[in-house]
Amino acid sequence: MQIPGIGLRKRIFLLFLFTFVATVVLIGRLAYIQLVRGEEYRQGALDVRVREITVEAKRGNILDREGRELAISVNADSVFAIPAQIENPEETARIVSDILELSYDYVYDRITKNLSFSWIQRKGDQAKTSQLREANLPGIYFTQESRRVYPKNELASHVLGFAGIDSQGLEGIEVVYDEQLKGEPGRIVIEFDAYGREIPQALQYYVPPTDGLTLVLTIDEVIQYVVERELDRIMVEHQAKSAMGIVMDPKTGEILAMANRPAFDPNKPLEYGPETWRNPIVSNSYAPGSIFKPITTAAAFEEGVVNANTHFWDPGNVTVLGHTIRNWNGRGLGDTTFTEAFQQSANVVFVKTGLALGIDRFYEYLEKFGFMEKTGIDLPGEGRAIYPAQDRATDLDLAVMSFGQTLAVTPLQMITAIAAIANDGYLMQPYIAKEFRDADGQVVESFEPTVKRQVVSEETAREVLHLMQLTVDEGTGARAQIEGYNVGGKTGTAEKVENGRLVEGRYMSAFMGVVPIEDPQLVVYILVDEPEGIYYGSWVAAPAAGNIMRDSLRYLGIPPSYDPNEKEVIKDREVPSIINLTVSEADRVLRNNGLRMTVIGDGERIVRQVPAAGASVASYTEVLVYTETEETLSTDRLTVPDLSGKSIREVANILGSMGLSLEPTGSGVAAEQEPKAGQKISTGGTVRVKFETPETGR
């Protein structure tokens, strides 16, 4: 027997060694794959054959304080494609584009992308997606999402804001409480083979979404509607650039209504510019004008600088650091008390009061009333007040700030400060979210009133409210009177400030009302930007505020302050003719008839008056008188109001208060008018109105 050679044995050994090493390496590699990278590869394989589709949560509803729906989410079908499953891309794209009314090129691009999942249409029309379902196209799938709907359209649009295509809050309260409203998304998991085909009876499961919480606001839909109705009327009758209105509960800081004109429809926000989405009540600052005078009054009373009976000499103007400051009507009150100066909104008296208060104490109360900080309301984009720095402020700055010029505040800051006076001197933080509820209607989070601080004593607050009541009963706020209720208020007319400078001939008209004065339940602020024609706050803003307060009081069931049959506070007066009288003669005639006068122009005799002679108005109503200068003869034209549905007496009073004449025909209620509502007419012009009985009227 031949023994193998040494060379053969070496080769066998090397082969065995190589086999052993290779086996060890393979075992090590398998161990590495299984033990070290196993989970990673398993997940990778799962990702290849399993696709996950997000199921959007339904966004929580937004309700008013009484549970009425302001924003809801409704079901909507979304269409997506699994490109690997599309058998005939051209035919599929044609059918899908025809049914959904989309571009063929767009659909073809979406279904041929090198992706495992591709959206075709989000939250589309239910009828169209149902038709597409019936086509039963391979690779075309459907999932249910929710679409945000605002059933009241423009109502409270600046409060609500709107949500985007992915149900994310983008503006208003929607963005502030987005986290609570959006909920938690779910998902659908489906397993496919290597060719992208769904595997029967393979891994499939559904993780349901968790819907968002329901948000209840402090807003009351009815009061909100009343405010927006009055703003619409202002925009038509006074052709204003914009208008704003707020209603607040002074005891809690709750916002019951907040509205702007122009508004937008949150169902289709892209049809409006981003500038329309902005909420100027919260974000913009304006010179408050005489609306600010109650703040100066409260500070001066609290510090003992003046009281209601302090006497002043008011010649109609005062000079501070070489600058002459005049009363708004150019006329002085002579020897007068602070009470009468407040009623007549005399700038001169407030200049003297502000200077007596001093810069340091004035700024102390600016801070106390909240003008040096944001209010902290739960709405986005809140702005700040603008005022001279205290260490650089001069007596001239102080003098002008005392009656509401040289500083600018947000409307929200202004109503919050006045609400503190209406709340016995306690400053409340304004808020607009009342509570969150879960799917079962249970309250999971609530927001309570927050007292920031006491800014003045209860006694001071009551004294200022009394002056505000006198302003409505006997002063410039007479057009805000409400039969049966004691109303307090302050009118304001401020020149606009742009780029730090006053803009001559452009005004902001305002009225701040508190009702009922003995136990304030509502504070109402109306601010009108650049009304045409007569621009005084007492004419433009006060009537709207009065209407809002009257309708809100009745709706809320707040009992009257007095029985109008027992206590007659509002007396109708017939306006006498004062044409061709001198200014002094006209003033005497009007005062003898329980009316007041505002002179426009610098002539000696009256050539025009508003309201016209014979009009029936409340006691202490201002009569605008125009003198014979060329400047006043070219007074702006008036906008004719909508008179439809009103009686002859109502129409006569409305037109008379505007300085227009009525030419009636027929009887019943107004059915036709010429000029039409919204058209222009000169002061003293005639409006022809056809009246019909309700049975024959249109």
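Summary table
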item: Ranked packing of 16-23, 206-213, most packed first, by mean Cβ within 10 Å; result: 206-213, 16-23
item: For the stretch 113-180 versus the stretch 360-409, the gap between their alpha-carbon centres in whole angstrom; result: 44 Å
item: Cβ crowding within 10 Å averaged over residues, with 400-406, 288-294 ranked highest first; result: 288-294, 400-406
item: Sorted peptide list for 344-353, 357-366, 218-227, criterion being average Cβ within 10 angstrom, highest first; result: 344-353, 218-227, 357-366
item: Other-chain or far-sequence residues with amide H under 5 Å of F691's (modelled H); result: T665, G666, S667, A671
item: Within the stretch 51-217: Cβ-based charge dipole about Cα centre, in debye rounded to nearest 20 (Lys, Arg +1; Asp, Glu -1); result: 200 debye
item: Distance violations [Cα-Cα > 19 Å] among K293/K496; K152/K182; K182/K374; K368/K434; result: K152/K182; K182/K374; K368/K434
item: Karplus-derived HN-Hα couplings along the stretch 329-346 (A = 6.51, B = -1.76, C = 1.60, θ = phi - 60°), whole Hz, x at Gly and Pro; result: 9, x, 10, x, 9, x, 6, 9, 9, 4, 4, 5, 5, 5, 4, 9, 6, 7
item: Charge dipole of the chain about the Cα centre (unit charges at C-beta), most positive-ward option of G477, V607, P250; result: P250
item: For the stretch 122-136, Karplus couplings with θ = phi - 60° (6.51, -1.76, 1.60), whole Hz, Gly/Pro x; result: 9, 6, x, 5, 4, 5, 5, 5, 5, 5, 5, 4, 5, 5, 6
item: Global size of the stretch 51-217 as Cα Rg and Dmax, reported in angstrom; result: 18.2, 56
item: Cβ charges +1 (Lys, Arg) and -1 (Asp, Glu), total dipole of the chain, debye; result: 2080 debye
item: Residues with amide H under 5 Å from that of K452, placed H, sequence gap 5 or more; result: L427, M428, Q429
item: Calculated log₁₀ intensity ratio I(q)/I(0) where the Debye formula runs over C-alpha points of the stretch 296-438, q = 0.11, 0.13, 0.15, 0.16 Å⁻¹; result: -0.46, -0.62, -0.80, -0.89
item: Other-chain or far-sequence residues with amide H under 5 Å of M597's (modelled H); result: V623
item: Integer Hz, Karplus 6.51/-1.76/1.60 couplings in order for the stretch 409-417, x for Gly and Pro; result: 10, 6, x, 5, 4, 5, 5, 5, 5
item: Straight-distance crosslink candidates among lysines, where the alpha carbon sits under 22 Å from K646 and sequence neighbours closer than 8 are dropped; result: K571, K676, K680, K690
item: Kirkwood hydrodynamic radius over Cα pairs of the chain, then Stokes diffusion coefficient at 20 °C and 1.002 mPa s, in µm²/s; result: 72 µm²/s
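Values in this text are rule-based calculations from the coordinates and carry no lab data. Just so it is clear, the structure is predicted and the values come from calculations on it, not from any experiment. Neighbour counts run over all protein chains shown; Cβ positions are idealised from the backbone, glycine included.
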